[in-house]
1. Determine whether the range 49-68 contains at least one residue that is closer than 25 Å to Cys8 by Cβ and of a type in the set (A, V, I, L, M).
2. Considering only residues that are more than 16 Å from Lys26 (Cβ to Cβ) and among the charged types (D, E, K, R), look in the range 38-82 and name the one that is most open to solvent (accessible area, probe 1.4 Å).
3. Check whether at least one residue in the range 22-29 is at pLDDT 95 or above, under 16 Å from Ile91 (Cα atoms), buried (at least 17 other Cβ atoms within 10 Å of the Cβ) and hydrophobic (A, V, I, L, M, F, W, C), and report yes or no.
4. For the range 1-60, what are the residues that are in contact (Cβ under 8 Å) with a residue 60 or more places away in the chain and hydroxyl-bearing (Ser, Thr, Tyr)?
Amino acid sequence: MSESKDPCKGPGLLRPVVDRRKCEGKEDCLKVCPYDVFELKVLDPAQRAALPLFPYRLKAWAHGHRQAFPTRADQCHGCGLCVTACPEKAITLEAVR
């Protein structure tokens, strides 16, 4: 019997967190996530206002205010594919409490 090489920890143990200051909405996380955890959405006015003006709000504006949102974080299996795929290093995995 061989050991599994599956990097996933299982559902409900970890959840992805997206740093709004870094995400540029390039969709890499959406493409690699096997559990369909992410959606690309546009920041609402309150989320935009929460960003510091320079450089983060301007950067968000340059990318159409589009960012990844872990809308189905409860489906995350903690494989970390999204973390390694993100070119901005905007995603981390944190333990579910």
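The values are calculated or read from the model by the stated rules, or taken from the named source; none is laboratory data. Quick caveat, the model's predicted, so the values are computed rather than measured. Please note: Cβ atoms are built from the backbone with ideal geometry, for glycine as well, and neighbour counts cover all protein chains shown. In case anyone asks, the SASA skips ligands and DNA or RNA and just uses the protein heavy atoms, side chains included. Shrake-Rupley method; radii C 1.70, N 1.55, O 1.52, S 1.80 Å.
1. Of all residues in the range 49-68, those closer than 25 Å to Cys8 by Cβ come to 67-68.
In the following step, the residues that additionally are of a type in the set (A, V, I, L, M) were identified as 68.
Taking every residue of the range 49-68 in turn, at least one turns out to be closer than 25 Å to Cys8 by Cβ and of a type in the set (A, V, I, L, M).
2. Checking each candidate, the answer is Asp74.
3. Yes, the conditions are met somewhere in the range 22-29.
4. Scanning the range 1-60 gives no hits.
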